[in-house]
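Participant: This is the structure, below, for whatever I ask next.
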Amino acid sequence: MQVPVVIVGGGPSGLLLSQLLHLQGVESVVLERRTKAHVMGRVRAGVLEQGTVDLLRAAGVADRLEAEGLIHEGLDIAFAGRRHRLDLASLTGGRTVTVYGQTEVTRDLFEARERLGGAVVDGAKDVALHDLDGDAPYVTYRHVGEEHRIDCDFVAGCDGFHGVSRGSMPASVLREFEQVYAFGWIGVLSRTPPVSPELVYASHERGFALCSMRSPTLSRYYLQCPSEDVPENWSDERFWGELKRRLPAATADVLVEGPSVEKSVAPMRSYVAEPLRHGRLFLVGDAAHIVPPTGAKGLNLAASDVHYLSHALVDHYRRDDDSGLRDYSEKALARVWKCERFSWWMTSLLHRFPDAGPFRERVQRAELDYLFSSRAAMTSLAENYVGLPY
Ligand code: RFL
Ligand code: PHB
């Protein structure tokens with residue numbers, strides 16, 4: 001089999017890339033290790049930047065997002081027993097974010113790929129990349145017990161942090177930058193109305209808490225917990241009790257509790273691999289970089305990578321112009337590092353660090369006080385949160 005582009009990984013990056021390429025007449029095959037049901041069952045991101053929404057619209061998959069997504073013009077940060085609102089729209093000249101779950105984005109993309117006859121192979125085992133630094137790369141995999149080989153021009157590594165693509169780059173080429181945090185987030189999804197119409201990020205001496213949502217009847221809450229913690233340690237009762245202790249009393253009083261329908265622990269790390277290209281392999285999304293979820297940037301960064309790479313590939317095939325492919329790594333990394341900085345900063349601002357002494361805690365408190373006393377500081381947070389330009 002011969003196809004212009006093989007896309008490894010059928011998460012949001014891989015599916016969006018294949019959809020955008022298809023609309024421009026460039027064909028691809030997506031190889032996904034897991035089943036489609038597994039990919040759609042993963043509860044992850046919830047906040048989309050305007051740029052991500054625009055890209056999904058360009059991909060023709062934004063109808064349900066536009067009907068059901070919740071547009072948020074602001075968010076709250078709670079500390080020292082009070083909530084403070086950050087008016088994202090007025091601080092950024094009218095820009096907003098959209099609350100719409102990654103599970104829904106993935107479902108919309110899967111459906112669009114199916115509608116247009118896109119080749120998405122799920123359950124593709126032992127994917128291996130070959131001859132990436134030559135002119136004729138190929139990819140092998142096993143599917144329902146049979147061995148397959150696809151010859152291609154380019155490989156897009158969209159296979160997340162634990163995929164095969166990044167590891168297919170020679171160690172002499174790859175540089176890695178990493179910071180692992182001593183805590184994670186325990187997340188709960190519950191069929192209850194959100195405690196507040198906008199997100200509440202809470203900094204508390206017992207640890208960080210976040211009140212988010214998926215819809216007016218579906219809430220998503222997170223608590224900072226030790227990184228080695230497991231959901232089994234968190235009965236619903238313990239979770240709700242701890243959440244209420246970390247929120248201002250007036251917010252805790254109106255929290256509606258209910259049974260959890262999903263509960264999981266996410267570790268926290270900041271990670272960047274450089275460069276994003278080796279020969280005919282391009283890394284995209286979580287395969288190349290991880291941010292802690294505090295700034296809501298992971299999925300949005302995957303989308304901006306896809307934006308750059310889809311344009312570069314279309315220019316290669318349609319205009320015989322390779323400048324986009326040549327510049328992809330540098331261009332994408334410039335935006336990646338700004339989002340890494342923001343996510344690291346939001347994480348540092350709002351979490352309890354087990355090794356921080358009293359000095360650091362006072363500085364953290366001063367930074368929060370300063371934030372809400374300075375329009376410049378609020379603007380800086382707001383323009384990063386709604387999304388830096390592509
Ligand atoms: P994904 O989603 O990990 O998809 C990669 C796909 O590749 C497949 N795969 C392979 N396929 C074939 N062969 C192999 N060897 C393979 N190895 C892996 C996997 O099965 C999978 O289907 O990466 P992608 O597409 O780059 O998308 C990235 C996003 O999923 C991620 O950045 C976000 O979820 C991060 N994130 C958030 N991002 C936001 O923008 N806003 C948020 O509000 C937000 N909240 C979050 C988050 C991530 C979280 N967790 C669980 C890490 C909240 C949480 C709790
Ligand atoms: C979510 O709703 O899952 C969510 C929202 C904001 C974040 C992280 C996760 O910063």
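The values are calculated or read from the model by the stated rules, or taken from the named source; none is laboratory data. For clarity, every value in this text was computed on a predicted model and none was experimentally measured. Glycine gets a Cβ as well: all are built from the backbone with ideal geometry, and neighbour counts include every protein chain shown. The area values use the complete protein model at the heavy-atom level, side chains included, leaving out ligands, DNA and RNA. Shrake-Rupley method; radii C 1.70, N 1.55, O 1.52, S 1.80 Å.
Participant: One residue is enough: does the range 24-44 have a residue meeting the conditions assigned to a helix (DSSP H, G or I), crowded, with 19+ Cβ neighbours inside 10 Å and within 16 Å of ligand 2 (Cβ to nearest atom)? Walk me through how you get there before you give the answer.
Facilitator: Initially, the range 24-44 is screened for residues assigned to a helix (DSSP H, G or I), giving 36-41.
Now narrow it down to the ones that are crowded, with 19+ Cβ neighbours inside 10 Å: 39.
Retained after the next criterion (residues that are within 16 Å of ligand 2 (Cβ to nearest atom)): none.
No, the conditions are met nowhere in the range 24-44.
Participant: So how many residues does the range 106-125 have that are over 18 Å from the mean Cα position of the chain (by Cα), within 13 Å of ligand 1 (Cβ to nearest atom) and either surrounded by fewer than 13 Cβ atoms within 10 Å (Cβ to Cβ) or outside any loop (DSSP other than H, G, I, E, B) (or both)? Break it down stepwise before answering.
Facilitator: Restricting attention to the range 106-125, the residues satisfying the condition of being over 18 Å from the mean Cα position of the chain (by Cα) are 111-125.
If we keep only those that are within 13 Å of ligand 1 (Cβ to nearest atom) as well, we get 120-125.
Applying the additional criterion that residues be either surrounded by fewer than 13 Cβ atoms within 10 Å (Cβ to Cβ) or outside any loop (DSSP other than H, G, I, E, B) (or both) yields 120-122, 125.
Residues flagged as over 18 Å from the mean Cα position of the chain (by Cα), within 13 Å of ligand 1 (Cβ to nearest atom) and either surrounded by fewer than 13 Cβ atoms within 10 Å (Cβ to Cβ) or outside any loop (DSSP other than H, G, I, E, B) (or both) within the range 106-125 amount to 4.
Participant: So which of 285, 295, 357 ends up being within 12 Å of ligand 1 (Cβ to nearest atom) and either under 28 Å from residue 82 (Cα atoms) or basic (Lys, Arg) (or both)? Before the answer, list the steps.
Facilitator: Details: 285 fails: either under 28 Å from residue 82 (Cα atoms) or basic (Lys, Arg) (or both); 357 fails: within 12 Å of ligand 1 (Cβ to nearest atom).
After ruling out the rest, the residue left standing is 295.
Participant: Also: Is there any pair linking a residue in the range 93-110 that is at positive phi to one that is among the charged types (D, E, K, R) and away from ligand 2 (no atom under 14 Å from the Cβ), with Cβ under 9 Å and at least six apart or on different chains, and which?
Facilitator: 94/73
Participant: Separate question: Can you pull out the residues in the range 45-78 that are open to solvent by less than 20 Å² (accessible area, probe 1.4 Å), away from ligand 1 (no atom under 14 Å from the Cβ) and acidic (Asp, Glu)?
Facilitator: 76
Participant: Which of the residues belonging to the range 296-319 are within 16 Å of ligand 2 (Cβ to nearest atom) and among the aliphatic types (A, V, I, L, M)?
Facilitator: Going residue by residue through the range 296-319, those that are within 16 Å of ligand 2 (Cβ to nearest atom) are 296-303.
296, 299, 301, 302, 303 - these are the residues of the range 296-319 that are within 16 Å of ligand 2 (Cβ to nearest atom) and among the aliphatic types (A, V, I, L, M).
Participant: Pull out all pairs, ordered by first then second residue, where Cβ-Cβ is under 8 Å, the residues are six or more apart or on different chains, the first lies in the range 39-53 and is of a type in the set (Asp, Glu), and the second is open to solvent by less than 30 Å² (accessible area, probe 1.4 Å) and more than 10 Å from ligand 1 (Cβ to nearest atom).
Facilitator: Taking only residues 6 or more apart or on different chains, the pairs are 49/386.
Participant: Filter the range 83-105 down to the residues that are part of a strand (DSSP E or B) and of a type in the set (D, E, K, R), then identify the one that is farthest from the chain's Cα centre (by Cα).
Facilitator: Initial filter on the range 83-105 (part of a strand (DSSP E or B)): 83-86, 97-99.
When the remaining residues are screened for being of a type in the set (D, E, K, R), the result is 83, 85.
Numbers: 83: 26, 85: 24 Å.
Across the range 83-105, the extreme among qualifying residues is 83.
Participant: Right, another one. Is the range 270-292 home to any residue that is part of a helix (DSSP H, G or I), within 15 Å of ligand 2 (Cβ to nearest atom) and modelled with pLDDT of 95 or more?
Facilitator: Of all residues in the range 270-292, those part of a helix (DSSP H, G or I) come to 285-287.
Subset that is within 15 Å of ligand 2 (Cβ to nearest atom): 286.
Of the ones still in play, those that are also modelled with pLDDT of 95 or more are 286.
The answer is yes, given that some residue of the range 270-292 is part of a helix (DSSP H, G or I), within 15 Å of ligand 2 (Cβ to nearest atom) and modelled with pLDDT of 95 or more.
Participant: Looking only at the range 351-371, which residues are touching a residue at least 60 places away in the same chain (Cβ under 8 Å), within 27 Å of the chain's Cα centre (by Cα) and surrounded by 12 or more Cβ atoms within 10 Å (Cβ to Cβ)?
Facilitator: Correct list: 351, 352, 353, 364, 368, 371.
Participant: Inspect the range 328-336 for any residue being modelled with pLDDT of 95 or more, surrounded by 16 or more Cβ atoms within 10 Å (Cβ to Cβ) and either among the charged types (D, E, K, R) or not assigned by TED's automatic domain parsing to the domain that holds residue 159 (or both) and give the result as yes or no. I'd like the intermediate steps shown before the answer.
Facilitator: Going residue by residue through the range 328-336, those that are modelled with pLDDT of 95 or more are 328-336.
In the following step, the residues that additionally are surrounded by 16 or more Cβ atoms within 10 Å (Cβ to Cβ) were identified as 328-329, 331-333, 335-336.
Keeping just the survivors that are either among the charged types (D, E, K, R) or not assigned by TED's automatic domain parsing to the domain that holds residue 159 (or both) gives 331, 335.
Yes, the range 328-336 has at least one match.
Participant: Just checking, how many residues over the range 16-26 are away from ligand 1 (no atom under 14 Å from the Cβ) and in contact (Cβ under 8 Å) with a residue 60 or more places away in the chain? Walk me through it before giving the result.
Facilitator: Going residue by residue through the range 16-26, those that are away from ligand 1 (no atom under 14 Å from the Cβ) are 21-26.
Those left that are additionally in contact (Cβ under 8 Å) with a residue 60 or more places away in the chain: 21-22, 24-26.
Adding up the residues that qualify gives 5.
Participant: Is it fair to say residue 128 is in the same structural domain as residue 298 (by TED's automatic domain parsing), outside any strand (DSSP E or B), without any contact (Cβ under 8 Å) to a residue 60 or more places away in the chain and of a type in the set (A, V, I, L, M)?
Facilitator: Values: in the same structural domain as residue 298 (by TED's automatic domain parsing): yes; outside any strand (DSSP E or B): no; without any contact (Cβ under 8 Å) to a residue 60 or more places away in the chain: yes; of a type in the set (A, V, I, L, M): yes.
Here the answer is no, as residue 128 does not meet what is asked.
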